[in-house]
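One structure is given here, and the rest of the page talks about it.
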Amino acid sequence: MFQALKTAGLAVLLGGYLTFSAQAQQPTPPPAVKLWRLDCGSFTAPKDNFSDLFDHPGQRGSYVDSCYIVRHGKDLLLWDAGLSRSLIGQRADPFLPIRMTLIRSVANQLSAIDLKPADITILAISHNHSDHTGQAFDFPNARLLMASVDFEALRQTPPPFFTEPTSLAPWLVGDSRKDLISGDHDVFGDGSVVMVALPGHTAGNHGLLVRLAHRSPVLISGDALHSAKQLETRAVSPFNASRSDSLASIDRILGIMRATHATLVIEHDPGSVAKLPVFPAGAD
């Protein structure tokens, strides 16, 4: 009888261990992800600024300047920092080739979703041009994620075309935290938010792939594209750092879209604005 009780006890212990082991091996579900688009300005410019095919002679185009908030569990990531808030209330100079306007700052818009600048834990920058870094200075507590080649270029004298190093001063000359990257970068280590290397516009230009629970992934282009038409014409901006890299990045975008069924959101394309909910609503 003692042997029977001993055998039964071992069976209970073994069963409990197996149950505990099975529970321990179950993967922890990733934190919920939510995506918002912010209005970070607008501008008009000659269309040939963004095409080297001479297919828009004398034409001007209207463009948006978009930024994005990504919530990943308790972390909040700001993707790009838009135009400088010094433009708020300023009338666009009609004599400049690129005429920029800004209505609301990023910080002001954050209040609509009960956030403040100090809540942003990560500032991820697609590339070093000033229309993507203009309000970065307002988020010195955030950890900067940016391509090392684009970041180090800001130390040049004079700095590269269309850059504004002072907007990134907390990371360039201050002690704000930064992680400088090369190639793709899985921001949270679970594949839900990935900085995708799309060089060409600058040597370090990145896009952002965001995987959501209730809709297809969203691929934000950085400045690998300025309009959807470029997917067909394969035109690139004459001032891009590398035409061959630009074309390779267009090919990569198309490949990612095929593989993941991602929705492509082009940061400067007014036609992409409607692909995400109107702020303060977000996509999840």
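The values are calculated or read from the model by the stated rules, or taken from the named source; none is laboratory data. What you see is a predicted model; the values in this text were computed from it and never measured. Every residue, glycine among them, receives a Cβ derived from its backbone with ideal geometry; neighbour counts consider all protein chains shown. Note: accessible area is taken over every heavy atom of the protein model, side chains too, but ligands, DNA and RNA are not part of it. Shrake-Rupley method; radii C 1.70, N 1.55, O 1.52, S 1.80 Å.
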Most to least packed among 124-136, 261-273 [average Cβ atoms within 10 Å]: 124-136, 261-273
Comparing Thr121, Thr202, Thr157 in a Gaussian network model of the chain (Cα, 10 Å), the one with the largest mean-square fluctuation is Thr157
Percentage of interatomic Cα-Cα distances in the stretch 77-191 larger than 19 Å: 48 percent
Per residue, how much accessible surface does the stretch 201-284 expose to a 1.4 Å probe? Answer in Å², no decimals. 40 Å²
Using θ = phi - 60° and the Karplus curve 6.51 cos²θ - 1.76 cosθ + 1.60, what whole-Hz ³J(HN,Hα) does each residue of the stretch 66-72 get, with Gly and Pro shown as x? 10, 10, 9, 10, 10, 9, 10
Cα axis of helix 243-260 to longest principal axis of the chain: angle in degrees, 0 to 90, nearest 10? 40 degrees
Find out how many positive minus negative residues lie around Thr202, taking Lys and Arg as positive, Asp and Glu as negative, among other residues whose Cβ is under 9 Å from that of Thr202. -2
Out of Leu83, Ile125, Ser192, whose Cα points farthest toward the positive end of the dipole of the chain (charges: +1 Lys, Arg; -1 Asp, Glu; placed on Cβ)? Ser192
Please give the calculated 222 nm ellipticity per residue for the chain, where each DSSP H segment of at least 4 residues contributes -39500 (n - 2.57) and the sum is spread over every residue; nearest 500 deg cm²/dmol? -6500 deg cm²/dmol
Could you run the Karplus curve 6.51 cos²θ - 1.76 cosθ + 1.60 with θ = phi - 60° over the stretch 181-186 and give me ³J(HN,Hα) per residue in whole Hz, x for Gly and Pro? 10, 9, x, 5, 9, 7
How large a share of the accessible area of the stretch 25-155, in percent, is made up of carbon and sulfur atoms when the probe is 1.4 Å and the other protein chains stay in place? 55 percent
Suppose a student asked you for the relative contact order of the chain, using Cα pairs under 8 Å spaced at least 6 residues apart; what percent would you report? 17 percent
For the stretch 191-232: span of alpha carbons on each principal axis (Å, largest first): 31, 23, 11
Find, to one decimal place in angstroms, the Kirkwood hydrodynamic radius of the stretch 230-275, where the mean of 1/r is taken over every pair of different Cα atoms and then inverted. 11.7 Å
Estimate the FRET efficiency between Arg258 and Ala213 by the formula 1/(1 + (r/R0)^6), using the beta-carbon distance for r and 25 Å for R0, to the nearest 0.05. 0.70
Per residue Cα convex hull volume for the stretch 74-134, in cubic angstrom? 83 Å³
Based solely on C-alpha atoms, express the radius of gyration and the Dmax of the chain in angstrom. 23.0, 100
Where in the stretch 95-118 does the label zone of Ser62 land, with the point 7 angstrom along Cα→C-beta and an amide N cut-off under 16 Å? 99-103
